[in-house]
Amino acid sequence: MKGLLSSAREGGDVLRTWAAYKAGDKAALPKLFELAQGGNSRAQNVVGYLLDHGEGVKKDSAAAAAYFSAASTDYPLARYNLAVLTLLGRGVAKDEAKAMEMFESSVKDASVDLAAVRLSLYYLNKGDRDRAWTWANEGANRGNVTAYYLLGRMLYERGEYQEAYNWLTKAAQASEPNAPAILSAMYKNGHSMNQNKKMAASWWMIYVGLNKGKPGMNSGGISSFGLSSKEQNDATSFATNWLATHKHMKRPDYDATLLQANRNDKS
């Protein structure tokens, strides 16, 4: 009980000091470093974040890694942050396998959904679909929109079209930018529904709309759907209305270290 009270008090000190720093208190930054150097793991994560982002201090990812490493035993989010640096070789030696071990731990101990997606993509690239599925499911259970898409994509590739449609629709409704391309293909080929070229074209235009600025993206592909002028107008109207009524997904930066595990870009 004594240890829990001490931990809560130390956490409160960090939160109050962080709030003072964000409010412009110039004495707060040295206080955060003092707390970190005194062994406060939450403060060590905050200081590591500031150093890696160059916020209020000179950017120094090597020093950030040292703080994250010091905090990683007691503060699981610091383990995630150290994993990001280790995966990218930013401030520390690059070690993909070691990074994946830390990502796995940060999902289990800190419920970091981004780590689950990292693991799913890693195993997809390795050709291990079972593990990729397991980690995408972990991410989806934590509300990660990219994980919805990954589950839908894997189901689509398995030919399990109805379940794929459900996950891809869920991802698309949250404006995940890749799901509409597969939904377009499903409508075009009649997978799990009647073939519908107009809806296929609509979802293709939504895909283009969500990926503006992406090299090679343009809406010219609509001509490949073989629509009449009226059908093209209907498809365009559907896509335009859909894009107007769905906010664009705030895409998380998977290369960035985190100050907190909970984010506002999840569904």
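Structural remarks
- Taken over the stretch 198-250, the criterion of being of a type outside the set (Ser, Thr, Tyr), modelled with pLDDT under 90 and more than 25 Å from the chain's Cα centre (by Cα) is satisfied by 218, 220, 221, 222.
- On the stretch given as the stretch 77-108, residues that are farther than 25 Å from residue 149 by Cβ and in contact with a Lys or Arg (Cβ under 8 Å, 6 or more places away or on another chain) total 1.
- Extreme residue, surrounded by the most Cβ atoms within 10 Å (Cβ to Cβ), among residues of the stretch 42-56 that are among the small types (Gly, Ala, Ser) and over 20 Å from residue 95 (Cβ atoms): 43
- Within the stretch 136-173, the set of residues being within 13 Å of the chain's Cα centre (by Cα) and either hydrophobic (A, V, I, L, M, F, W, C) or in a loop (DSSP other than H, G, I, E, B) (or both) comprises 136, 140, 142, 143, 144, 145, 147, 150, 171.
- Residues located in the stretch 182-196, provided they are surrounded by fewer than 18 Cβ atoms within 10 Å (Cβ to Cβ) and either assigned to a helix (DSSP H, G or I) or among the hydrophobic types (A, V, I, L, M, F, W, C) (or both): 185, 189, 193
- Verdict on residue 140 being under 21 Å from residue 247 (Cβ atoms) and at pLDDT 95 or above: yes
- Residue 166 vs. criteria closer than 20 Å to residue 114 by Cβ and of a type in the set (S, T, N, Q): no
- Single condition residue 13 does not satisfy, out of (1) modelled with pLDDT under 95; (2) in contact with a Ser or Thr (Cβ under 7 Å, 6 or more places away or on another chain): (2)
- Considered as a group, the residues in the stretch 93-135 that are closer than 19 Å to residue 61 by Cβ and surrounded by fewer than 23 Cβ atoms within 10 Å (Cβ to Cβ) include one that is farthest from the chain's Cα centre (by Cα), and that residue is 93.
- Residue check for residue 90: assigned by TED's automatic domain parsing to the domain that holds residue 12, assigned to a loop (DSSP other than H, G, I, E, B) and out of contact with any Asp or Glu (no Cβ under 6 Å at 6 or more places or on another chain): yes
- Qualifying residue in the stretch 57-76 (condition: free of Cβ contacts under 8 Å to residues at least 12 places away in the same chain, exposed (fewer than 15 other Cβ atoms within 10 Å of the Cβ), on the phi > 0 side of the Ramachandran plot and out of contact with any strand residue (DSSP E or B) (no Cβ under 7 Å at 6 or more places or on another chain)): no
- Residue within the stretch 227-244 that is in a helix (DSSP H, G or I), aliphatic (A, V, I, L, M), touching a residue at least 12 places away in the same chain (Cβ under 8 Å) and surrounded by fewer than 18 Cβ atoms within 10 Å (Cβ to Cβ) present: yes
- Condition broken by residue 184, with the remaining ones in (1) out of contact with any Gly (no Cβ under 8 Å at 6 or more places or on another chain); (2) in contact (Cβ under 8 Å) with a residue 24 or more places away in the chain satisfied: (2)
The values are calculated or read from the model by the stated rules, or taken from the named source; none is laboratory data. Given the structure is predicted, the values throughout are model-derived calculations rather than measurements. Please note: Cβ atoms are built from the backbone with ideal geometry, for glycine as well, and neighbour counts cover all protein chains shown.
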